[in-house]
Structure formats: structure tokens, C-alpha cells
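Report on one structure; see the data block that follows.
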Amino acid sequence: ILWNREKETQNAQAELDSVEAELELVELQITELMDKQAELTSRRNALLQQLEEACDAAQSSSSSSLKPSKADHVMNKQEMQRYDRRDFPWSEKVEQQLKDSFNLSKFRPLQLRAINLTLLGKDLFLVMPTGRGKSLCYQLPAVCSTGFTLVVTPLVSLMEDQIMYLKSIDVSAAMLNASINKESVKTVMAGMTDVKSPFKLLYVTPEKIAKSKLFMSRLEKAYNANLLSRIAVDEVHCCSQWGHDFRPDYKLLGILKRQFPKVPLLGITATATSSVLKDCEKILCVSQPITLTSSFNRTNLYYEVKNSDNEASISDIASLINSKYKDQSGIVYVFSQKDAESVSTELQKRDILAYPYHANMDPQDKSRVHHKWTSNKIRVVVATVAFGMGIDKPDVRFVIHHTISKSIENYYQESGRAGRDDHPADCIVYFGFSDIFRISTMVVMENTGQQKLLQMVDYCQNFDRCRRSLMAVHFDEMWNEEGCNQMCDTCRHAQDCITVDITQHARQVVQILELAASNNEKMTPLKLTDAWMGKGPAKHRKMIQTTTLSRLKAEAVIVQLLLRGYLREDFSFTPYTTYIYIKLGRKAPLLKSQAHSLTMKMRTTESEPAEVSKVHIDAPQESYNFIIVLSGPSR
Ligand SMILES: Nc1ncnc2c1ncn2[C@H]1C[C@H](O)[C@@H](COP(=O)(O)OP(=O)(O)OP(=O)(O)O)O1
Ligand SMILES: [Mg+2]
Ligand SMILES: [Zn+2]
């Protein structure tokens, strides 16, 4: 029997070796294929551009007039340009209103084209970066049309922001949401069918359309009286489950185009990939809308990531606000209501006029904070994501994330509140190890929540690629790193980054997890790091190799292993909470092979306690400086 066992073990070992060798080969092939894919994609894009240019040239040499060419939604650049003209019947009025009502001297890119197209009655999707003036593309046509424009927005705060602005420039607007009293609702409902149109814009939440029969029948009446001139769906990506901010009530907005087919619809967003837009098109029941897109890039925003260390990061944030951003206005984004309150208290203690803002506050309190901030009576709003989309204060000089966002799209939106007046502004994220897992438990039930969070983590853990290039990927955009113009920390400090071999570190972590598994013990991220750093409770009898890396670097290695699939998160649900444990990922077996090696980029400038020299990182084999004995239940 003994002999048989030995034989079995030998066979298993032999097979394991061959499987591992094969796995490694596959890994290699995957890497090669991915490189090939990147190469082909960039070649394809170059060719597409070449073709487009050739097409444009051909168009302009043949007389471009009156040729009824392709359908509108597949127009090329040349054909699109005819919508930039200023000789439409409404052009004079549009120019005049731009100056007189909106106090603006000229259009920004794509604005005039969008306005002309919607005034022509076309259905339109407009994808333009945050803060570039998408709202004007329905506000100005509203003022130039008879009747009123219905605007669907996802948040009450956003509605109030716009109403406040429109009031200040004397454009009449109204809104309907849960916090409006009965009397006002009555007035607004009556106004909808008044031929004198007491308001040019009517803002509603999607719930109104999905749930209020009374409102829908009123809208029907307005439609029949030709008073419903246009429908604008702001933040249109909320329709799609694949977008980053899906709202169930947006799913029901298809009713608008079904009931009011003659009314042009304008869908607006800063963040939607082409597949998200396709989805929105279906949901909204528009057939083949024209899509106008401009680059996602906000050239005046400086992007930066800093390491977070709870207490220390609050002091850091406070001193930034008190020095670099003295007397300037900004937002600090936090993870939870509790954080909103505690962080604003901490900032107040440091003489900063900061107020919290979160979903659970009274509507009046929310408006109060919002108003005070807009009128510069308070400087900083410490907010959860409830304060976000569409918030438009021109002179926001900093948007600081005390905790990372749950996806890059969310980050782009939130940080997009900064610098809307085109002057320079900073977008800083404080990236903390434990925050990853706080957010992880929150997004675990979302479709692609985990994947999107890891992309955000990857953005934060990145020390060598331009931060804009990481964002570009999310907006299906080709990116040329020169376009950043040193406006992100990695472009500015590219030389402060080294490649480090972390193979031995990875093996140590894997060993701890294997040991824990053999003891039926689950390892939370914290416990894992503690054990690796020699700080955990002495439980096991076996020896593990602890690390001499600083906590920051140890955490960075663990995050890297998570991102690359050597480790994975494992969730355990109770009725009250979700627990997260770290387990071995699908790539962990590769580390068994002596030939397998693993590197990562690290910053050289991180402030480290003196005893942790870079030598340990550069030569990980040397880093087993001490071995601790963990004692535990006897086996
Ligand atoms: N042609 C223009 N010239 C100067 N400023 C303009 C022009 N058009 C708009 N703006 C200003 C007004 C606003 O303060 C600011 C942002 O406009 P807004 O419509 O709120 O952005 P947006 O809707 O595109 O961004 P978000 O996606 O963040 O909601 O730009
Ligand atoms: Mg907007
Ligand atoms: Zn850059």
C-alpha cells in the first residue's frame, strides 16, 4: 500500500509539473496575443483615419452641394460641417440669445452643430467631456422655440443647480420632483398646457415619467397642443445597465418617444462607450439618432494619486486646502455618510469652512449646503456621490477623493466638477489599501462592479503610464501621450519610477495563504498583511517568512497580485454584512515554477521609514531578515 501511495504521489507530481509547464506556455501566448491585439488595433485606427481623410478630400473636390448622400447617422466629417452653418432660419435668434440671455460670446466645439441638428428636429446623442457645456445645447434651443422643453435629469441636486443658474440669467424654468409642494405642482401642471408657456424648460426626475399618470396625461395634452417642443435626457448613460450609473427608472423612458414620436430627443452624456450608447438607443426607442462625440480630454485638469493613510491623509488634505487652495472652492469626495460627517468635522477643526452632503440629509439641508457653496459662503463640500453629476460651479479649483471612486467612469464624472471655467484645477485621489475592500463589498452585486473597481485600482496603482491614457481606454479613444502636456503626476514624474522584481514577495504571500488554507483559516486582507509583516496573532505552528517591506509597499505588492490574478477576493455573505477574504488566484500555481518571475513598477519617491531601504525590494532574496514562529493548535 505504501509503495502504491508513493507511486501515486510521483505520478501526480509529474503531471503537476507538466500542467504547470503548459500553463506557463499558455500565459506566454496570451501575452503575445495581447501585444498583437494592441498592435492591430492601432494599425486599424490609423487605417480608418486614413480612409476618412481620403473620403473627406474626395468630397471637397467634387462639388459638395445638394448631393443627398448617406443617412444622417452615418455622415462623415465633411457632411457634418454643414450643420455648423449660421444661415438657418433660426441662426440669428440663436446668436442673439447666446449673447443676450446666456452672456456668452461664442460657441464651444460641437455646441452650434448640436443646436442646429436639434432645431432641425433630429434625434441626437451628444457625448462631450464633463464641463464643456452640454446643457447649453438644449437650454438655448428651448429659449428659441415655442412651448417648452422637457428635461429629464437623474438628481434633484442637479435640477436645483440648473434652475438656480437659469433664474440668475432670467430664463424661466420649472421643476417637478418629490420635494415640491402640492401648490407648486398644480401651477406647473397648469403651465404645461398654457399657450403663453410660463416656462421654457421643465425639469423632471425619471420617476415622474415612469410613475405619474397625471403628469403623463398632462404631457399628452401639451403634445397635442404642440407645446412640447423638445425632450432632453441628461446623463443618458443612466439608461444602460452597462453604463456606470444605471438607474432603473431610466429604463422606462422609452415611453417618451413612443407617445411623442414627433418630438426631437436629445440624449446627453459625458461618459458613454459606443456599446452603452447602442443600448440607450434601444431603451429610449429612438431609431438611428445622430451621434456627436468629442474627445474626453479636459486639458486644464491635473490628475494625481497619493497614498492614503487615514488620519494622515486628512491632515494632508487640510493643509493642502489651507495652503495651495487657500480661499478657493472645492469638493472632497468620501465613501459614506459617516465619512462625510467625520471628515467635514475634522476639516472644520482645522479652520476650514466645510460642510457634509449626502443622500440621507433633508432635502432642505441639501439645498442649503449647495446654495451656500455656490455663493461662496462655504468653501468645501465633503460629499458622497449624491453630490455629483451635473453640479456646475465654474471656479472649483480642487476635487479631492478621500476614498477612491468605484470605477474610472465615476471618477471621470466626479473629478469633472473641477475647472469648468477652463482655468487650471487639480484632481487628487487618496488611494488606501483598505478602501478597496470597503468598496468591493458595496459593488459585489453589480454586474461588472468588481471588474470596474479593479480598473480604478489599476489607475491608482499605476506609476508609469499617463493617467489620461488609462481614461482614454474607457471612452474608446485613441490616446497620444503627448496630449497630456505634463498634466498628470506620472507624466510629470516619469523618471521617479523603477521596475522591481516581486517574485519572492509573491511566493511568501502565497505560502501564508496556503498555510492558512491548510488550517481552515480565512484570511482577510488586513490579517494577510499583518501576518506577512509579522504582526498577526501567533496561530500557526509552522514558520512563515515575513517581509521587511514597509506596510505601504507590502500592500502595494498584494494589490498588484490581486490585479494580476495571483490572488483573488472571496466573499461571504451574512444577512448583515459581507466579509471579504483573500484567496489564491488562478495564476498562483505559476509561482511554483522556479523560472516564473514577476515584476512591478514602484515609485522611488515614496517616503519610507529609514530602515526599509530599497535594497530589499531590488533584491528580494535578501529580504528574509527574520523568520518568526507562529504557534497554534497542535495537529
Ligand atoms: N460657449 C461657452 N462659452 C463659455 N462657457 C460656456 C459655454 N458653454 C457653456 N459654458 C459654461 C457654462 C457652465 O458653467 C460650464 C459647464 O457647462 P455644463 O453644461 O454644466 O457642462 P456639462 O453638462 O457639459 O458637464 P457635466 O457632464 O459635468 O454635466 O461651461
Ligand atoms: Mg451636465
Ligand atoms: Zn499624463
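The values are calculated or read from the model by the stated rules, or taken from the named source; none is laboratory data. Please read these numbers as outputs of a predicted model, since none were measured by experiment. Positions of Cβ are generated from backbone atoms using ideal geometry, with glycine treated the same way; all protein chains shown enter the neighbour counts. Each accessible area value is taken on the protein alone, full model and side chains, heavy atoms only, with ligands, DNA and RNA left out. Shrake-Rupley method; radii C 1.70, N 1.55, O 1.52, S 1.80 Å.
What the table shows:
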{"quantity": "Inter-label distance, nm, simple model (7 Å from Cα along the C-beta direction), LEU214/ASN4", "calculated": "8.2 nm"}
{"quantity": "Mean Cα-pair separation over length for the chain, i.e. relative contact order, pairs under 8 Å, 6 or more apart, %", "calculated": "11 percent"}
{"quantity": "Heavy-atom surface of the stretch 301-493, accessible at 1.4 Å and reported per residue (Å²)", "calculated": "40 Å²"}
{"quantity": "Per-residue [θ]222 nm for the chain (sum of -39500 (n - 2.57) over DSSP H runs n ≥ 4, rounded to 500)", "calculated": "-13500 deg cm²/dmol"}
{"quantity": "Counted charge near ALA318, where neighbours are those whose Cβ lies closer than 9 Å (Asp, Glu -1; Lys, Arg +1)", "calculated": "-1"}
{"quantity": "Charge sum, other residues only, whose C-beta stays under 15 Å from ALA12's C-beta, Lys/Arg counted +1 and Asp/Glu -1", "calculated": "-2"}
{"quantity": "Percent of beta bridges antiparallel (DSSP, the stretch 107-254, rounded to nearest 5)", "calculated": "0 percent"}
{"quantity": "Whole-number percent relative contact order across the stretch 301-493, with pairs defined as alpha carbons under 8 Å at least 6 apart", "calculated": "25 percent"}
{"quantity": "With DNA, RNA and ligands ignored, accessible area of ILE580 (1.4 Å probe; Å², nearest 10)", "calculated": "10 Å²"}
{"quantity": "Crossing angle, helix 503-518 versus the chain [Cα axis fit, 0-90 degrees, rounded to tens]", "calculated": "80 degrees"}
{"quantity": "The chain shape via C-alpha gyration tensor axes, a/c threshold 1.5", "calculated": "prolate"}
{"quantity": "Amide H contacts under 5 Å for GLY267, placed H, 5+ residues apart", "calculated": "LEU124, PHE125, LEU126, VAL233"}
{"quantity": "Peptide ranges 508-517, 287-296 listed from the most packed, as the mean C-beta count within 10 angstrom indicates", "calculated": "508-517, 287-296"}
{"quantity": "Within straight-line cross-link reach of LYS324, aspartates and glutamates at Cα separation under 17 Å, skipping those fewer than 8 residues along the same chain", "calculated": "GLU304, ASP316, ASP351, ASP395, ASP426, ASP489"}
{"quantity": "Residue-count net charge about TYR355 - beta-carbon cut-off 11 Å; Lys, Arg +1, Asp, Glu -1", "calculated": "+3"}
{"quantity": "LYS221 paired with ALA359, simple spin-label distance in nm, labels 7 Å along Cα-to-beta-carbon", "calculated": "3.5 nm"}
{"quantity": "With all protein chains modelled, accessible area of TRP532 [1.4 Å, Å²]", "calculated": "0 Å²"}
{"quantity": "On Cα atoms only, tilt of 363-374 relative to the major axis of the chain in degrees", "calculated": "90 degrees"}
{"quantity": "Within the chain, percent of DSSP bridges classed antiparallel, to nearest 5", "calculated": "25 percent"}
{"quantity": "Sequence of LYS372, LYS535 from largest to smallest accessible area, 1.4 Å probe", "calculated": "LYS535, LYS372"}
{"quantity": "All-pairs Cα distance distribution in the stretch 301-493, expressed in whole percent, bin size 10 Å", "calculated": "9, 38, 37, 15, 1"}
{"quantity": "The stretch 499-603, relative contact order in percent, only Cα pairs under 8 angstrom and at least six apart counted", "calculated": "36 percent"}
{"quantity": "Two-site FRET efficiency, THR577 against GLU92, from Cβ-Cβ distance with R₀ of 56 Å, rounded to 0.05", "calculated": "0.35"}
{"quantity": "HIS493, HIS358, reordered so the largest accessible area comes first (probe 1.4 Å)", "calculated": "HIS493, HIS358"}
{"quantity": "On Cα atoms only, tilt of 274-283 relative to the major axis of the chain in degrees", "calculated": "50 degrees"}
{"quantity": "Filter on LYS106/LYS200; LYS134/LYS167; LYS186/LYS393; LYS527/LYS587; LYS77/LYS262 - keep pairs with C-alpha separation over 20 Å", "calculated": "LYS106/LYS200; LYS186/LYS393; LYS527/LYS587; LYS77/LYS262"}
{"quantity": "Dimensions (Å) - the stretch 228-386, Cα atoms, principal axes, largest first", "calculated": "56, 35, 26"}
{"quantity": "Potential extension, ARG82-SER105 segment - 0.36 nm per residue separation minus Cα distance", "calculated": "6.1 nm"}
{"quantity": "Ranking by accessible area, most exposed first, for LEU347, LEU120 with a 1.4 Å probe", "calculated": "LEU120, LEU347"}
{"quantity": "J(HN,Hα) series, the stretch 131-148, from Karplus relation 6.51 cos²θ - 1.76 cosθ + 1.60, nearest Hz, glycine and proline x", "calculated": "x, 8, x, 6, 4, 4, 5, 10, 5, 5, x, 4, 5, 8, 10, 7, x, 10"}
{"quantity": "Accessible surface of PHE437 - all protein chains present, 1.4 Å probe, nearest 10 Å²", "calculated": "20 Å²"}
{"quantity": "In order through the stretch 199-209: 3J(HN,Hα) via Karplus (6.51 cos²θ - 1.76 cosθ + 1.60), integer Hz, x for Gly, Pro", "calculated": "9, 8, 10, 10, 8, 9, 8, x, 4, 4, 6"}
{"quantity": "Top positive-direction residue, dipole computed over the chain with Cβ charges, set VAL343, PHE125, GLY483", "calculated": "PHE125"}
